[in-house]
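Below you'll find the structure, written out as structure tokens, and then a few comments.
Read the figures in this text as sums done on the coordinates, not as results from a lab. As the structure is a prediction and not an experimental result, all values here were calculated from the model. No Cβ is skipped: glycine too gets one built from the backbone with ideal geometry, and neighbour counts run over all protein chains shown.
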Amino acid sequence: MTQNPVLKPFLAVLSGQKQAVPPIWMMRQAGRYLPEYREVRARAGSFLDLCFSPELAAEVTLQPIRRFNFDAAIIFSDILVIPHALEREVRFEVGEGPRLEPLDTPEKARSLAKRADLNRLEPVFEALRLVRRALDPKVTLIGFCGAPWTVATYMVAGQGTPDQAPARLMAYRHPDAFADIIDVLVENSIEYLLRQLQAGAEALQIFDTWAGVLPPREFARWSIEPTRRIVEGIRKKVPDAKIIGFPRGAGALLPAYVEATGVNAVSIDWTAEPAFIRDQVQSRVAVQGNLDPLALIAGGDALDRAVDDVLASYGSGPLIFNLGHGIQPETPIAHVERMLKRVRGKAG
Ligand code: CP3
């Protein structure tokens, strides 16, 4: 709220204060590129068993912090725990991704519960409390949820698809039924994020991974408006809540998203055009991003150039250094170390 000189670097950036060395973390930083994650994952049973075992979820949340000393930890969970709490069947097939019972007709949409049983997500809140207790006070703890549009794309199709055609079709053919699904997700996401704040999360990220498949009118209705309602609902209870939006692929629609939603920062993907982002986005809110995850796989000079480009493009304003999307499993750990050294050694 007010300028606080003892704010830790990550939260200072979310308050609009540029840092000489940008705080850094990586989307999907707990994951399969880490041998210590694969080891815990192998003994956890299913992916959801791992998400819902507080000690194990806390452990894998902390692993990348111990190894890389990142400025933020993101709680280990998934955006699809909300459909799970809405009593939809959710499974993760190894090597294939999520599988849910499809919700692709107005009749099925009518059967959707209005209120999630958030007690089913108590293990996530317990994991947050465990992580906060174990974490260095200088490290920020991030909670998250999926944006209603992105969660709905998986609920409608029952799985990931290349362009989320099933949800787009349903939104055109049955806008009222689709709006009912979105409304349920908005209300329950507000409660879920508020409970994460109570459990120790200090910042929140709303992942709208599939925002970029929507034309402008649909983007306004299904990405911007539900996100705006979530931000408003949270700030009604926690006025100074710090919220990062990630409408992946929003491109030229990003300024409208920033203006309407009231987020404190936006995470941008690697296709962003720097002058446009600086003028239209970073002039209003902090920017998070946006190294191409493939440059991180490639390493070497290509990685150094890509890191330098992010710093040169956005380092003169409030910046959280991150990737433009999640780190991929085949990424060499040495490349993450190289990126960190370059960001922390060079900026400033
Ligand atoms: O960032 C982190 O380290 C925190 C944990 C986190 C996961 N998923 C763990 C995970 C976060 C923030 C997510 C978000 C998420 N989940 C998104 C939005 C961000 C994005 O990356 O686009 C989406 C769309 C999902 C849904 C989801 N979960 C898919 C499509 C898949 C399968 C694809 C894949 O990468 O395997 C998952 C599974 C998943 N979620 C894994 C992890 C570490 C891999 C499963 C495993 O380890 O067995």
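Results, tabulated for the structure shown:
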{"item": "Acute angle (nearest 10 degrees) that the helix 122-134 long axis makes with the longest principal axis of the chain, alpha-carbon atoms", "result": "10 degrees"}
{"item": "Max mean-square fluctuation residue, GNM over the chain, Cα-Cα springs under 10 Å, options 143, 97, 160", "result": "97"}
{"item": "Set of aspartates and glutamates near residue 108 by C-alpha distance (under 20 Å), chain-local residues within fewer than 8 positions excluded", "result": "87, 89, 117, 176, 180, 183, 187"}
{"item": "Equivalent ellipsoid dimensions for the stretch 155-225 as semi-axes, Å, which come from the Cα gyration tensor, largest first", "result": "25, 13, 12"}
{"item": "Under 5 Å, built H, 5+ apart or other chain: amide partners of residue 267", "result": "245, 246, 288"}
{"item": "Sites matching trypsin sites (Lys or Arg not before Pro) across the stretch 99-189 that sit in DSSP coil, with at most 11 neighbouring C-beta atoms within 10 Å", "result": "114, 115, 138"}
{"item": "Centre separation in Å (Cα based) which lies between the stretch 17-66 and the stretch 136-154", "result": "14 Å"}
{"item": "The stretch 218-348: proportion of alpha-carbon pairs further apart than 18 angstrom, %", "result": "55 percent"}
{"item": "Local electrostatic count at residue 241 - Lys and Arg +1, Asp and Glu -1, tallied over other residues with Cβ under 15 Å", "result": "+3"}
{"item": "Helix 35-44 axis, angle to the chain major axis (alpha carbon atoms, nearest 10°)", "result": "30 degrees"}
{"item": "Net charge of neighbours whose Cβ lies under 14 Å from the Cβ of residue 253, counting Lys and Arg as +1 and Asp and Glu as -1", "result": "-2"}
{"item": "DSSP-assigned coil residues among trypsin sites (Lys or Arg not before Pro) in the stretch 28-77, each with at most 16 further Cβ atoms within 10 Å", "result": "32"}
{"item": "Computed [θ] at 222 nm, helices only, for the chain once each DSSP H run of length n ≥ 4 contributes -39500 (n - 2.57)", "result": "-13500 deg cm²/dmol"}
{"item": "Cα-based helix-to-principal-axis angle, 333-346 vs the chain, degrees rounded to 10", "result": "60 degrees"}
{"item": "Per-residue ³J(HN,Hα) for the stretch 86-94, Karplus 6.51 cos²θ - 1.76 cosθ + 1.60, θ = phi - 60°, Hz, x for Gly and Pro", "result": "8, 6, 7, 6, 10, 10, 10, 7, 4"}
{"item": "Rounded D (µm²/s) - the chain, Kirkwood Rh over Cα pairs, Stokes-Einstein at 25 °C, 0.890 mPa s", "result": "121 µm²/s"}
{"item": "Rel. contact order, % - alpha carbon contacts under 8 angstrom, at least six apart, the chain", "result": "21 percent"}
